[in-house]
Amino acid sequence: MGREKLEFTNPVIVLLGCMTLFVIAACANADSPSLSAVPTQSEATTTPPEIDQQIPEEQDISVQESNNEAEVEVDQEESIVEEVVPSSRGVSDTTVRIGIIKTGDVFSDIELGVEARISRINAEDETNARGIEIVQVIDDGGDPQMALEAAQSMANQDVFAIVLASIAADRTVTDYLAEQNIPFFGWGFLEGYCYPNQWGFGFNGCLNGHALDISGASVDDGSLRVSKIFYGRQPTVILVTTSDVAGDAMEATVSKVWGENLVAVVRIPPTQDSGIAESILEEIGNVDSDMLWLSIGLGKTLQAKAQLISAFPGMVVDDVTYLPGILREYETSKELEGGYVFTQFPPQEEYREAATLIATDLENINGPLIYSQAISLGYWSADFLTHLLNQVGEELNTRTFFNMANVQGTVYSPDASGGPCSLMTALVHQDPSGGLALLQVRGGVFRPVVDFDCPDRYWEN
């Protein structure tokens with residue numbers, strides 16, 4: 001069957017809550033930043049700088065031209081590094097100061113994850129005798145202007161880096177951080193985690209490089225791992241997403257990955273707050289499919305999923321309801337029973353080394369026994385920052401950091417097994433790291449169906 005697009009409304013542009021594959025639209029164009037920060041939007045389709053490659057000592061005349069091109073590229077990279085002012089803002093002999101900006105109703109307890117990780121950092125002296133200090137936590141309330149003011153406040157607080165867990169941090173915010181040469185860490189669904197911004201570091205890379213037309217960007221095909229439960233057969237999929245720019249990006253990505261196996265797309269208005277399941281079932285009609293994939297945000301998913309599980313003959317999967325603790329409420333647990341959920345975070349329920357490590361570190365700060373996605377996000381963001389600080393070493397400033405992260409490049413790989421997928425930092429602004437798990441709600445608990453796994457990367461060999 002050919003793909004059908006089932007759309008019944010004109011797009012309405014709004015900011016959405018957190019989704020697994022997600023783009024936040026810019027609310028306003030920022031002034032042109034410096035070379036060391038972010039080029040204009042029109043430049044986003046240019047090829048990102050590649051990792052510097054070693055040229056063999058023995059050369060023949062046939063490779064002279066390519067060698068000259070490589071030398072030009074190296075010169076360009078050195079020029080970009082030289083544009084970065086070598087500031088030691090937020091860095092002392094004993095401390096690296098950081099801030100946290102969050103959207104509280106989505107990432108309420110992210111600071112607990114950061115605190116858990118840095119408690120071990122400080123105890124084990126992992127950062128060349130420097131501890132890490134959280135100097136400010138600001139809730140932007142999901143408002144872009146408040147997110148910008150929070151970023152400006154952080155800059156005035158003399159911080160070196162920021163953990164950015166916000167659904168409101170549009171390009172105005174992330175461009176500002178880049179202009180200030182402030183590295184920021186978080187979940188790579190924001191546009192600012194993607195090239196041409198080279199100051200945003202998603203724990204899972206840049207998720208939307210393909211949707212943003214970044215040259216050479218790869219597409220996260222982690223969702224194809226669901227084929228394991230179909231004994232290798234690639235199932236057919238109906239995608240349900242929102243009729244806005246976030247939905248556009250979601251459809252573009254899923255279409256690229258699933259191809260002809262994406263048999264239909266249903267678009268739900270972001271403003272629709274009732275009758276969602278009925279609308280979806282009506283639009284689907286007689287379209288046959290193995291899987292119904294909901295990417296419509298938490299509120300809409302909770303409203304519609306129970307009815308869809310009952311009425312749809314195949315799997316009903318969403319990308320937002322893996323929220324450890326959500327099943328404690330009986331009514332919510334009942335609504336999700338039998339349904340499936342994707343997660344880009346290694347699930348606590350797999351009980352791997354990384355899950356034990358997080359639990360131990362949380363216990364050391366009197367944190368919760370069951371940790372949320374927000375806590376995971378904070379923990380791995382702090383872990384990624386720590387890796388880069390260790391790689392830079394004692395001579396830490398904005399220039400040495402930028403050079404190590406974006407020009408020299410280093411492979412970030414969590415020490416504990418069962419953590420996020422490895423990243424090559426010089427490619428982090430164009431590629432996703434991959435990594436996905438599938439869980440099902442059975443008996444009121446999340447049960448792993450397809451374990452978290454990572455794709456093979458050429459630079460790991």
query = Picking from 376, 413, 417, which residue would you name as being surrounded by fewer than 19 Cβ atoms within 10 Å (Cβ to Cβ), at pLDDT below 95, under 17 Å from the mean Cα position of the chain (by Cα) and among the hydroxyl-bearing types (Ser, Thr, Tyr)?
reply = 413
query = Has the range 289-309 got at least one residue that is more than 24 Å from residue 437 (Cβ to Cβ) and modelled with pLDDT of 90 or more?
reply = yes
task = Only residues in the range 78-101 that are closer than 28 Å to residue 140 by Cα and without any contact (Cβ under 8 Å) to a residue 40 or more places away in the chain count as the first member; pair them with residues that are surrounded by 15 or more Cβ atoms within 10 Å (Cβ to Cβ) and of a type outside the set (A, V, I, L, M, F, W, C), Cβ under 6 angstrom, at least 6 apart or cross-chain, and list the lot.
result = 95/130; 95/131; 95/133
inquiry  = Please determine whether any residue of the range 386-403 is touching a helix residue (DSSP H, G or I) at 6+ places or on another chain (Cβ under 9 Å), among the small types (Gly, Ala, Ser), in contact (Cβ under 8 Å) with a residue 12 or more places away in the chain and closer than 30 Å to residue 318 by Cα.
reply    = no
inquiry  = Looking at 163, 226 in this structure, which one is β-branched (Val, Ile, Thr) and in the same structural domain as residue 136 (by TED's automatic domain parsing)?
reply    = 163
remark   = (1) more than 28 Å from residue 188 (Cα to Cα); (2) within 18 Å of the chain's Cα centre (by Cα); (3) of a type outside the set (Val, Ile, Thr) all hold for residue 322 apart from (1)
note = Among the residues of the range 430-455, the number that are touching a Cys at 6+ places or on another chain (Cβ under 6 Å) and over 15 Å from residue 219 (Cβ atoms) is 1
inquiry  = Can you tell me which of (1) modelled with pLDDT under 85; (2) surrounded by fewer than 16 Cβ atoms within 10 Å (Cβ to Cβ); (3) not aliphatic (A, V, I, L, M) is the one residue 92 doesn't meet?
reply    = (1)
message = Given the criteria surrounded by fewer than 20 Cβ atoms within 10 Å (Cβ to Cβ), of a type in the set (Asp, Glu) and over 27 Å from the mean Cα position of the chain (by Cα), does residue 288 qualify?
response = yes
ask   = Does residue 271 satisfy being surrounded by 19 or more Cβ atoms within 10 Å (Cβ to Cβ), among the hydroxyl-bearing types (Ser, Thr, Tyr) and out of contact with any helix residue (DSSP H, G or I) (no Cβ under 7 Å at 6 or more places or on another chain)?
value = no
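The values are calculated or read from the model by the stated rules, or taken from the named source; none is laboratory data. Fair warning: this is a prediction, and the values are worked out from it, not measured in the lab. Cβ sites come from the backbone with ideal geometry, for glycine too, and all protein chains shown count toward neighbours.
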